[in-house]
Amino acid sequence: MMVDFFQHLFALDFPWFFEQYGTAIYAILFFIIFVETGLVAMPFLPGDSLLFTAGLFCKSGLLDIGIILPLLFAAAVLGDNVNYWVGRRLGLSVFQWKFKEKPLVKKEYLSKTELFFAKYGSVSVVLGRFIPFVRTFTPFAAGIGKMDYRKFVAIDLLGGALWIGSMTLAGYLLGEISWIREHVDLIALLIVLISVLPLIIAFFRRSK
């Protein structure tokens, strides 16, 4: 059952979720965004493409944009806050956690995030929202570095609003275009490629 769930999740198969769970899809979307931003071991879950697709389905009337925007904003902010306090309370000890003798959390992701954090400072809390993996590890790194919590929350609220608002409304506004509605899978793939492009560029620069 869980295998089917994740297969349909990564395929962004919203019709399947509607058929299986009905209006509980709102709770599922909340949970996915919360886990991706809140659990340092789950940076691979879809974020940008999920928000964009949710916006498309809001335009089609299957979801309510008035519910989706505040709901997913709350999920993103709560997730970041959980991640911040995990970093602050547990710190580097999380890299000792293992699952089937393998590290549950890869330290290399934190190293990349720390470099990103060092380069952009507090602004990275906002910018990191738009970059996969960095999005998950930025609040964790902020917690480890004991960034002032009030400052973190203020910046995180801004970042959460920009991320949820821009990606979801982009899907909602572009949902009027029939070609986009008919090729949701291709659009989602394109968003993923654009999202990871900065990481690919950074990889090749480091290789050189």
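The values are calculated or read from the model by the stated rules, or taken from the named source; none is laboratory data. Given the structure is predicted, the values throughout are model-derived calculations rather than measurements. A quick note on method: Cβ atoms are made from the backbone with ideal geometry, for glycine too, and the neighbour counts reach across all protein chains shown.
Each residue in the range 33-52 was checked for being part of a helix (DSSP H, G or I) and either in contact with a His (Cβ under 6 Å, 6 or more places away or on another chain) or crowded, with 18+ Cβ neighbours inside 10 Å (or both), and 10 pass. Out of Leu39, Leu56, Leu63, Leu29, I need the residue that is of a type in the set (A, V, I, L, M), touching a Gly at 6+ places or on another chain (Cβ under 9 Å) and closer than 30 Å to Thr113 by Cα. Which one? So the residue among Leu39, Leu56, Leu63, Leu29 that is of a type in the set (A, V, I, L, M), touching a Gly at 6+ places or on another chain (Cβ under 9 Å) and closer than 30 Å to Thr113 by Cα is Leu39.
When the residues of the range 53-80 are filtered to those that are among the charged types (D, E, K, R) and in a helix (DSSP H, G or I), the one that is surrounded by the fewest Cβ atoms within 10 Å (Cβ to Cβ) is Lys59.
Residues that are of a type outside the set (Phe, Trp, Tyr) and not in a helix (DSSP H, G or I) were ranked within the range 117-143; the one that is surrounded by the most Cβ atoms within 10 Å (Cβ to Cβ) is Ile131. Residue-level check: of (1) at pLDDT 85 or above; (2) exposed (fewer than 12 other Cβ atoms within 10 Å of the Cβ); (3) among the aliphatic types (A, V, I, L, M), Ile201 misses just (1). The requirement of being over 19 Å from Ile131 (Cα atoms) and aromatic (Phe, Trp, Tyr) is not satisfied by Phe73. Output yes when any residue across the range 106-116 is at pLDDT 75 or above and either exposed (fewer than 14 other Cβ atoms within 10 Å of the Cβ) or closer than 25 Å to Met167 by Cα (or both), and no when none is. No, there is no match, as no residue in the range 106-116 is at pLDDT 75 or above and either exposed (fewer than 14 other Cβ atoms within 10 Å of the Cβ) or closer than 25 Å to Met167 by Cα (or both).
Note on the range 153-176: residues that are modelled with pLDDT of 80 or more, surrounded by fewer than 20 Cβ atoms within 10 Å (Cβ to Cβ) and not aliphatic (A, V, I, L, M) total 2. What do you reckon, is Leu90 at pLDDT 70 or above, under 23 Å from Leu158 (Cα atoms) and either assigned to a loop (DSSP other than H, G, I, E, B) or of a type in the set (A, V, I, L, M) (or both)? No: the conditions fail for Leu90.
Each residue in the range 35-71 was checked for being within 8 Å of the chain's Cα centre (by Cα) and under 18 Å from Asp156 (Cα atoms), and 5 pass.
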